[in-house]
Each structure stands twice: as C-alpha cells, then as structure tokens.
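> My questions will all concern the structure given below.
The values are calculated or read from the model by the stated rules, or taken from the named source; none is laboratory data. Owing to the predicted nature of the structure, the values given are computational and were not obtained by experimental measurement. Here the Cβ positions follow ideal geometry from the backbone for every residue, glycine too, while neighbour counts run over all protein chains shown. SASA here: full protein model, heavy atoms, side chains in, ligands and nucleic acids out. Shrake-Rupley method; radii C 1.70, N 1.55, O 1.52, S 1.80 Å.
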Amino acid sequence: MADYTIVAVSDVPDMAAEVGMDPDHFEIRFMREPLGLKSFAVSYERFGGGWRAPERHAHRRGHRHTVQEEVYFLISGRAQAKFDDEVVDIEPWTAVRVAPETARSFRAAGEEDAVFVSIAAPPTGPDDVEFLPDYWED
C-alpha cells in the first residue's frame, strides 16, 4: 500500500506570533508534523514586501544552529539575505544552502512579498537555535 501525506499549506497554522515575529509582516507554517516527516523539516515562510523593521523589532534578528543545515528556496518575490556580515540579493527560483553555524536572516527586497520554502535536516527543536537580536543594521 502506498504511504504518502497531502497537506494544504493553508491548513497548517501560521506560527509567526508564537515565534516572536509580527504576523502582519511575516508568516511561517511548520509542515514537519502535519506531513509526518521523520528525517527533515519543511516550512513555508512569507516576508512582507515594502517594509523594514524598526530597531529592536523581532524581524531584525538573525539566527544560527548547532547541528541543523538549511536550504531556503525562494519561489516568488525578491529577497535579501544576510549571512554573517555579507548581504546578498536572491532572485526567484534560487536555492541557498546555509551551514548550521552561519548566522542568517532574510527579508523581502522591494514591494512584493518574498515567499520561501525552507528545508532543514536533521529535524531539531528550539534547543538547536540561537537568536541574534538586531542582526540587520539598517
């Protein structure tokens, strides 16, 4: 018998507020549990276009991991990413791998929302992430 799971992204709760982000400008839907994934995690992330977070706002933070490696796949919009001290532009239909120890943060570049699908392995919990406040300087 075939073993598969189908889940509509819109049926998965938006956890933006629960992870300390502004739900008016950010959306994140963790797909690992609804899909029953065992070896990796998948998330849907939307960064609101045309908006920059004020100082000390949660959207200015970055993060890094102890063991989790991540791939961010930009499916629509344009984005900027900051990796340690380097800021790069990301075009649609581009995938970016980030090593666990590299600090990272993403944001929309322009008026259009930036929509990512992120893939992470191994699947970890909150003990694997370190948040970096005021990571974006502008």
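> For residue 113, what residues show an amide H to amide H distance below 5 Å, using hydrogens built from the backbone and excluding near sequence neighbours?
49
> Which listed residue (80, 35, 19) has the Cα farthest towards the positive end of the charge dipole for the range 1-90, taking +1 on Lys and Arg C-beta and -1 on Asp and Glu C-beta about the Cα centre?
Farthest towards the positive pole: 80.
> Okay, next question. When the accessible area of the chain is split by element with a 1.4 Å probe, what percent falls to carbon and sulfur?
Working: 4170 of 8000 Å².
C and S fraction of accessible area: 52 percent.
> For the chain, calculate the relative contact order in percent as a whole number, restricting contacts to Cα pairs under 8 Å that are 6 or more residues apart.
Working: 314 pairs, mean separation 39.6, N = 138.
About 29 percent, as a whole number.
> Using the Karplus curve 6.51 cos²θ - 1.76 cosθ + 1.60 with θ = phi - 60°, what ³J(HN,Hα) values do you get for each residue of the range 42-50, in whole Hz, with x for Gly and Pro?
10, 9, 9, 9, 10, 9, x, x, x
> Of 25, 65, which has the most accessible area and how do the rest follow, probe 1.4 Å?
Values: 25 50, 65 25 Å².
Largest to smallest exposure gives the sequence 25, 65.
> Tell me which residues come under 5 Å, amide H to amide H, from residue 102 once H is placed; ignore anything under 5 positions away on its chain.
Under 5 Å from the amide H of residue 102: 65.
> Got a sec to turn the phi values of the range 124-135 into Karplus ³J(HN,Hα) couplings, 6.51 cos²θ - 1.76 cosθ + 1.60 with θ = phi - 60°, whole Hz, x for Gly and Pro?
10, x, x, 6, 8, 10, 10, 8, 10, x, 6, 5
> Oh, and also: Roughly how many Å² is the accessible area per residue of the chain, as a whole number, for a 1.4 Å probe? Let's see the in-between values first.
Numbers: 8000 Å² over 138 residues.
That works out to 58 Å² per residue.
> Using a 1.4 angstrom probe on the protein heavy atoms only, could you order 38, 82 from most to least accessible area? Each step should come with its number before you reach the end.
Values: 38 175, 82 15 Å².
Sorted descending by solvent-accessible area, the residues read 38, 82.
> Measuring from centroid to centroid over Cα atoms, what is the spacing of the range 81-138 and the range 1-47 in Å?
16
> Under a point-charge model restricted to the Cβ atoms of Lys and Arg (+1) and Asp and Glu (-1), what is the dipole moment magnitude of the chain relative to its Cα centre, in debye to the nearest 20? Intermediate results must be reported in sequence, preceding the final value.
Details: 14 positive and 27 negative charges, 40 e Å.
Value, rounded to 20: 200 debye.
> Now for a different question. For residue 31, what residues show an amide H to amide H distance below 5 Å, using hydrogens built from the backbone and excluding near sequence neighbours?
Amide H neighbours of residue 31, under 5 Å, 5+ apart: 42, 43, 44.
> Using every pair of alpha-carbon atoms in the chain, split the distances into 5 Å bins beginning at 0 and state the percent of pairs per bin, rounded to integers.
With 5 Å bins starting at 0, P(r) equals 2, 10, 19, 25, 23, 14, 5, 2, 1, 0, 0.
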